[in-house]
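The values are calculated or read from the model by the stated rules, or taken from the named source; none is laboratory data. None of these values were measured; they are calculated from a predicted model. Heads up, the Cβs are rebuilt from the backbone with ideal geometry, glycines too, and the neighbour counts pull from every protein chain shown. Keep in mind that these areas ignore ligands, DNA and RNA; they rest on the heavy atoms of the full protein, side chains included. Shrake-Rupley method; radii C 1.70, N 1.55, O 1.52, S 1.80 Å.
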Amino acid sequence: MSNWRAVFEGPSEWQAELVKAVLEEHDIQAVVLNLRDRSYGNFGRVWVMVEESDFDQAMMYLRLSPPNPS
């Protein structure tokens, strides 16, 4: 994943999935990288990664239409 960059970092997988859905609506490939460890009390982080070439466009879409969980 050396040519991938994080566009989101947070504590919960559902937030990351919302971000991924927004990006995929705009035809940007995104993956959720979940490094949470549930065996030790749910600590860790979750990232949404996009290819380097899509980073600027992804950030623009996330600023214009941030994911809304409601």
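Data table
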| item | result |
| --- | --- |
| Scan of segment 1-57 for residues that are over 10 Å from the mean Cα position of the chain (by Cα) and among the small types (Gly, Ala, Ser), ordered by number | Ser2, Ser12, Ser39, Gly41, Gly44, Ser53 |
| Scan of segment 1-32 for residues that are touching a strand residue (DSSP E or B) at 6+ places or on another chain (Cβ under 7 Å) and either more than 21 Å from Arg63 (Cα to Cα) or without any contact (Cβ under 8 Å) to a residue 24 or more places away in the chain (or both), ordered by number | Met1, Asn3, Glu17, Glu24, Val32 |
| In segment 27-69, the residues that are at pLDDT 95 or above, exposed (fewer than 14 other Cβ atoms within 10 Å of the Cβ) and of a type in the set (D, E, K, R) | Asp27, Glu52, Asp56 |
| Residue match in segment 1-15 (condition: at pLDDT below 95, of a type in the set (S, T, N, Q) and open to solvent by less than 70 Å² (accessible area, probe 1.4 Å)) | yes |
